[in-house]
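Undergrad: Take this structure, written in structure tokens, and hold onto it; I'll ask about it next.
The values are calculated or read from the model by the stated rules, or taken from the named source; none is laboratory data. Here the structure is a predicted model, which means the values were calculated and not measured. Reconstructed Cβ throughout: ideal geometry from the backbone, glycine too, with neighbour counts over all protein chains shown.
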Amino acid sequence: MTDRRVVIAGGHGKIAQHLIEVLTARGDRAVALIRNPDHVNAVTALGALPEVIDLESASVEEVARVLHDADAAVFAAGAGPSGGIERKDTVDRAASVLLADAAEKAGVTRFVQISSFGAGEPVADDAEDTWKAYIAAKTAAEEDLKARSALEWTIVRPGGLTDDDATGHVTLSAPPLERGTVPRADVAAVVAALLETPSAAGKTVMLTSGDTRIEDAVHGV
């Protein structure tokens, strides 16, 4: 039983839902930040405390109040494939910046950001505009976080996400890493393990499916 209070942005997302279950099972208290009030019952059923707040319009002060007494913050939000180019910036970049600002204001130092393969790397000229906007937003969010000395941040860049069952085994390494896929459930398990690993602070890690037990992979970071 660890009894940490973990605030999750994008609390109704698929990775976040898996993370809520992992945290709740080990005795942590998950707080799910959700934009849509219709999702309250869903995250509550998973074991989270719902907080309805729109990270595209909320102030730093409003988010900081939600983060009060938290032990960690996790940025798991994303505009999604139908979000459009503009929301790639307002959600994937600006909402992460807002959560980090609020964490600093609330004195919450541990921060895990779920980014993406491709962030921090050149984008092919012939890539779709939506993908270019997505990678630009994720890269900018990473750079913002890396510049913050007040936060003990870890950036996780998962490969292609699947809804397969958790395997409990991954490949986790510093960039670069050969492209691959990974179940969302394993991403959540890695994030949960990273929250308990202070030595992972200040690290950017690539994540795909692999042969190493998650506990060992995170310890290796």
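Undergrad: For residues that are part of a strand (DSSP E or B) and of a type outside the set (S, T, N, Q), scanning just region 129-156, find the one that is farthest from residue 119 (Cα to Cα). Quick ask: steps written out before the conclusion?
TA: Going residue by residue through region 129-156, those that are part of a strand (DSSP E or B) are 152-156.
Add one more test, that the residue is of a type outside the set (S, T, N, Q), and what stays is 152-153, 155-156.
Numbers: 152: 20, 153: 16, 155: 11, 156: 10 Å.
For region 129-156, the residue satisfying everything is 152.
Undergrad: Take residue 199 and tell me if it is of a type outside the set (Phe, Trp, Tyr) and surrounded by 17 or more Cβ atoms within 10 Å (Cβ to Cβ). Working first, answer last.
TA: Values: of a type outside the set (Phe, Trp, Tyr): yes; surrounded by 17 or more Cβ atoms within 10 Å (Cβ to Cβ): no.
When the stated conditions are applied, residue 199 does not pass them.
Undergrad: With closer than 14 Å to residue 112 by Cβ, of a type outside the set (Lys, Arg), surrounded by 16 or more Cβ atoms within 10 Å (Cβ to Cβ) and at pLDDT 95 or above as the only criterion, which of 63, 7 stands out?
TA: 7
Undergrad: I'm checking my understanding of the structure. Among residues of region 27-46 that are assigned to a loop (DSSP other than H, G, I, E, B) and touching a Lys or Arg at 6+ places or on another chain (Cβ under 9 Å), which one is farthest from residue 195 (Cα to Cα)? Please lay out each step first, then the result.
TA: Going through region 27-46, the residues assigned to a loop (DSSP other than H, G, I, E, B) turn out to be 27-28, 35-36.
Those left that are additionally touching a Lys or Arg at 6+ places or on another chain (Cβ under 9 Å): 27-28.
Working: 27: 13, 28: 11 Å.
This residue is 27.
Undergrad: Which numbered condition trips up residue 219, out of (1) surrounded by 21 or more Cβ atoms within 10 Å (Cβ to Cβ); (2) in a helix (DSSP H, G or I); (3) not aromatic (Phe, Trp, Tyr)?
TA: Failing condition for residue 219: (1).
Undergrad: Name every residue in region 35-55 that is surrounded by 15 or more Cβ atoms within 10 Å (Cβ to Cβ) and either touching a residue at least 24 places away in the same chain (Cβ under 8 Å) or in contact with a Leu (Cβ under 6 Å, 6 or more places away or on another chain) (or both), in order of residue number.
TA: Matches in region 35-55: 39, 42, 43, 46, 47, 48, 50, 51, 53, 55.
Undergrad: Let me ask something else about it. Select from region 179-188 the residues that are assigned to a helix (DSSP H, G or I), surrounded by fewer than 24 Cβ atoms within 10 Å (Cβ to Cβ) and of a type in the set (Gly, Ala, Ser) and list them in ascending order.
TA: Across region 179-188, the qualifying residue is only 185.
Undergrad: For region 157-171, check the following and say yes or no: at least one residue is part of a loop (DSSP other than H, G, I, E, B), under 21 Å from residue 207 (Cβ atoms), at pLDDT below 95 and among the β-branched types (Val, Ile, Thr).
TA: no
Undergrad: Moving on. Checking residue 118 against (1) in a loop (DSSP other than H, G, I, E, B); (2) in contact (Cβ under 8 Å) with a residue 40 or more places away in the chain; (3) not charged (D, E, K, R), only one condition comes out false. Which one?
TA: Every condition holds for residue 118 apart from (2).
Undergrad: Among the listed residues 86, 104, identify the single one that is modelled with pLDDT under 95, surrounded by fewer than 23 Cβ atoms within 10 Å (Cβ to Cβ) and not in a strand (DSSP E or B).
TA: After ruling out the rest, the residue left standing is 86.
Undergrad: Being of a type in the set (A, V, I, L, M) and over 23 Å from the mean Cα position of the chain (by Cα) is the filter here, so list the residues in region 110-130 that pass it.
TA: 124, 127
Undergrad: Same structure, new question: Among the candidates 107, 47, 80, 84, single out the residue that is under 14 Å from the mean Cα position of the chain (by Cα) and farther than 14 Å from residue 155 by Cβ. Show your work before the answer.
TA: Details: 107 fails: under 14 Å from the mean Cα position of the chain (by Cα); 47 fails: under 14 Å from the mean Cα position of the chain (by Cα); 84 fails: under 14 Å from the mean Cα position of the chain (by Cα).
The unique qualifying residue is 80.
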